[in-house]
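Inspection log for the structure reproduced underneath, given as structure tokens.
The values are calculated or read from the model by the stated rules, or taken from the named source; none is laboratory data. Note that this is a predicted model, so its numbers are computed, not measured. Glycine also receives a Cβ, built like all others from the backbone with ideal geometry; neighbour counts cover every protein chain displayed. Ligands, DNA and RNA are excluded from the accessible area calculation, which covers all protein heavy atoms including side chains. Shrake-Rupley method; radii C 1.70, N 1.55, O 1.52, S 1.80 Å.
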Amino acid sequence: MTPRQQARPHRDGTAPVDFTEFYRAHFHRIAVQLYAYLGDHGEAQDLTQEAFCRALERWSRIAAYDDPSAFVRRVAWNLATSRLRRMRTAVRHLARQREEHTPGPEPDRVVLLEALATLPADQRRAIVLHHLAHLSVAEIAAQVGAPEGTVRSRLSRGRAALAGHLTETGSELRRA
């Protein structure tokens, strides 16, 4: 069917068919064709359903075509071709991606993270911002909206709690 083809009564002069009857009569046949083309049954049914939805939106015009199924078939095949193009593009993109292997965390880091997890949130935040983000007490106070004395207190308590969980032997951290 070309877009220029105008709606007209069927050749035998009968009125166009009801959409439900049309759907029942043609859905399976079009879905099977797309399945053979795509190799994916679910995808074929989805695209056939989409084609019928588009036909339903225009059914008053399409119903008058000599062969309304040609419109649905054309839309379904266009959708399937577009889907295959998108899949090929995605596969090519994935093939160009380099797999990067990053080593896991060092044992010291694992122990430190476990120890930090035992601290209350406000102490943990102060420790992380001061020792890992290298912020000053004044910068931390401004960020968390607390007085500098409170930040110093949280740092002191957090360090004391961490000292109870960690001991240093050589360059390795160990659980106490």
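Against the condition modelled with pLDDT of 90 or more, open to solvent by 50 Å² or more (accessible area, probe 1.4 Å) and over 30 Å from Ile30 (Cα atoms), how does Arg83 come out, does it pass? It is false that Arg83 is modelled with pLDDT of 90 or more, open to solvent by 50 Å² or more (accessible area, probe 1.4 Å) and over 30 Å from Ile30 (Cα atoms).
In this structure, is Ala133 surrounded by fewer than 18 Cβ atoms within 10 Å (Cβ to Cβ), free of Cβ contacts under 8 Å to residues at least 12 places away in the same chain and within 30 Å of Arg154 (Cβ to Cβ)? Yes; evaluated as a whole, the condition is true for this residue. Considering only the stretch 146-161, state which residues are open to solvent by less than 70 Å² (accessible area, probe 1.4 Å) and outside any helix (DSSP H, G or I). If the condition is that a residue be open to solvent by less than 70 Å² (accessible area, probe 1.4 Å) and outside any helix (DSSP H, G or I), then Ala146 is the only one that fits.
Matching residues to (1) surrounded by 14 or more Cβ atoms within 10 Å (Cβ to Cβ); (2) more than 30 Å from Arg157 (Cβ to Cβ):
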| residue | (1), (2) |
| --- | --- |
| Phe19 | yes, yes |
| Gly42 | no, yes |
| Gln45 | yes, yes |
| Pro68 | yes, yes |
| Ile127 | yes, no |
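Figure legend. Inter-residue proximity from the stretch 84-103: first residues touching a residue at least 12 places away in the same chain (Cβ under 8 Å), second residues part of a helix (DSSP H, G or I) and open to solvent by 100 Å² or more (accessible area, probe 1.4 Å), beta-carbon distance below 7 Å, spacing 6+ or different chains. No pairs are indicated. If the condition is being of a type in the set (Gly, Ala, Ser) and either more than 17 Å from Met87 (Cα to Cα) or surrounded by 18 or more Cβ atoms within 10 Å (Cβ to Cβ) (or both), then the stretch 29-40 contributes only Ala31. Put simply, of Leu119, Leu113, Leu94 the only residue that is over 28 Å from Glu148 (Cα atoms) and either at pLDDT 85 or above or of a type in the set (Asp, Glu) (or both) is Leu94.
Among the residues of the stretch 86-106, just one is among the charged types (D, E, K, R) and surrounded by 11 or more Cβ atoms within 10 Å (Cβ to Cβ), namely Glu106. Could you count how many residues in the stretch 55-65 are open to solvent by 90 Å² or more (accessible area, probe 1.4 Å) and under 31 Å from the mean Cα position of the chain (by Cα)? So the answer is 2.
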